[in-house]
Amino acid sequence: MGWTREENRRFEDALAVYGPEDPNRWQHVANTVGGKSTEEVKRHYERLKEDVNRIERDQVPLPRYKGAGAGAGISSNSTRITNHNHT
């Protein structure tokens, strides 16, 4: 099953609270998200890392917004904000 925006928000908040040094990190994250197992949150985290790596290697095409004229896009060296919703 996919992840809702609210689940993603809780997931990201939990990652900020429970760092990699926490031996029970994934259980805490799963509890915070609700309705997901520790394996599901670990897989979601791995997908997030893969997405970030592809973005950093410029392997994700920039979005083309409707109505944007020539030169209206973002250069590949600019900071990008992405939505990691895997629904």
Note to self: Filter segment 5-43 down to the residues that are assigned to a loop (DSSP other than H, G, I, E, B) and surrounded by 13 or more Cβ atoms within 10 Å (Cβ to Cβ) and list them by number.
What the structure shows: Tyr18, Lys36
Checklist line | Scope segment 42-87; condition more than 16 Å from Asn8 (Cβ to Cβ), touching a Ser or Thr at 6+ places or on another chain (Cβ under 8 Å) and modelled with pLDDT of 85 or more; matching residues | finding: Ile55, Asp58
Next item on the list: Those residues that are under 21 Å from Asp22 (Cβ atoms) and among the basic types (Lys, Arg), I need them from segment 39-54; list them, please.
Entry: Lys42, Arg43, Arg47, Lys49
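The values are calculated or read from the model by the stated rules, or taken from the named source; none is laboratory data. All values derive from a computational prediction rather than experimental measurement. When we count neighbours, we look across all protein chains shown, and the Cβ atoms used for this are built from the backbone with ideal geometry, even at glycine.
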